[in-house]
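Report on one structure; see the data block that follows.
The values are calculated or read from the model by the stated rules, or taken from the named source; none is laboratory data. From a predicted model like this one, the values you see are computed outputs, not experimental measurements. Please note: Cβ atoms are built from the backbone with ideal geometry, for glycine as well, and neighbour counts cover all protein chains shown.
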Amino acid sequence: MSWIEDSIKNLLIKGEGEIFSRIETIGINLDISGTNAKAYCYGLKLDAQGNPRVNDLIEFVTTKLIDYSIPKKLQDEAKEQLLKTGSTSKILELGKRAKLLFTDLEKTGEFGEMLLYILVQEILELPQLISKMSLKTSGQLHYQGADGIHVKYDKLDDSLSLYWGESKMEQTMYSGLRNCFISLKSFLLDTYGHDSTQTRDLHLITSNISENINNPELEDILVRYFDLNDDLSNKLKYKGVCFVGFNSSHYPTSPLEKTTEELIKTFEKEVSNWLVSSGTQIKNHVNLEKFEIHLFLIPFPSVQDFRTHFLKAIAK
């Protein structure tokens, strides 16, 4: 059923690599020893004056507000109106609606969740299955569940993989990794049933699938994978995608202090320790090491400053 694969690929909202003018590769597709996980490590680029591209990355992330938080059906309707009338009014309405879904809480993790969304789509090319933000009843509330749900179909065995997302931005990499895998473990390890960790999210997927997919034929086949009374539910696989951001003192604090190349070389010396720490935190949870997990690691000058600037950017 290659049409399923093609239809799912059509859900992908991918840019043209713009994020890579803001972040630099430290190491990608790195094996985390003793696990079935891989790490993808990036650092912020420095501009020609040697300043980290902090605000620029934040502003880039805010351009994805509609893509991330508004269901596909509404996006499609806005695009159709633009093509039909030339008016961007519906798109602007969606932009206002998207901003209202975000909390103004100082400790919000929504910037990290959006960055995870962008990295998974741009690098792993896994489309988002459901817009969790659209399920919120208030911008002051946090959605209880996975930080993201992405999907992939494998025509070789007719299986559907759900990639449960978790994002943490904390002062130390250790605490970020620890809390990330504590959150992720239940989504991968729980047996699907009426009281499992995944149940609420899967029910939300099925009840909101037409808004998020906008393809009746694809919707009909996908819900069968989530129906315990359908044999296709035995081909539903759980995998993980994670983003951990943490503070680093290696970024320059004044202009013309370092180049991007010098900064990345410094981070490269730390990667082996990052991988060891990641493996340790995964293996703290029995059997989690057996699952396919993709882990994005990015050091920041200050994760709290990023939160603060993100809130200011979406309030404009």
Can you give me the number of residues within the range 38-67 that are of a type outside the set (S, T, N, Q), farther than 26 Å from residue 150 by Cβ and surrounded by fewer than 17 Cβ atoms within 10 Å (Cβ to Cβ)? 2
Report those helices (runs of 4 or more DSSP H) wholly inside the range 1-119 carrying at least 3 residues which are touching a residue at least 12 places away in the same chain (Cβ under 8 Å), over 20 Å from the mean Cα position of the chain (by Cα) and within 26 Å of residue 249 (Cα to Cα). none
Scan the range 270-280 for residues that are in contact with a Leu (Cβ under 9 Å, 6 or more places away or on another chain) and surrounded by fewer than 22 Cβ atoms within 10 Å (Cβ to Cβ) and report the count. 3
Among the residues of the range 13-37, which ones are buried (at least 16 other Cβ atoms within 10 Å of the Cβ) and either out of contact with any Cys (no Cβ under 9 Å at 6 or more places or on another chain) or closer than 15 Å to residue 116 by Cα (or both)? 13, 19, 22, 23, 24, 32, 35
Scan the range 49-65 and tell me whether some residue there is of a type in the set (Gly, Ala, Ser) and at pLDDT 95 or above. yes
Of these, 232, 202, 218, which one is at pLDDT 95 or above and buried (at least 17 other Cβ atoms within 10 Å of the Cβ)? 218
Go through the range 217-261 residue by residue and tally those that are within 24 Å of residue 119 (Cβ to Cβ) and free of Cβ contacts under 8 Å to residues at least 12 places away in the same chain. 2
Here are 314, 264: which of them is in a helix (DSSP H, G or I), of a type in the set (A, V, I, L, M), in contact with a Phe, Trp or Tyr (Cβ under 7 Å, 6 or more places away or on another chain) and at negative phi? 314
The range 188-209 residues that are under 14 Å from residue 162 (Cα atoms), paired with ones that are at pLDDT 85 or above and of a type in the set (Lys, Arg) (beta carbon under 7 Å, 6 or more apart): none
Looking at the range 164-180, is at least one residue modelled with pLDDT of 95 or more, in contact with a Pro (Cβ under 8 Å, 6 or more places away or on another chain) and within 21 Å of residue 313 (Cβ to Cβ)? no
On the given criteria, is residue 175 surrounded by fewer than 19 Cβ atoms within 10 Å (Cβ to Cβ), more than 27 Å from residue 279 (Cβ to Cβ) and among the small types (Gly, Ala, Ser)? no
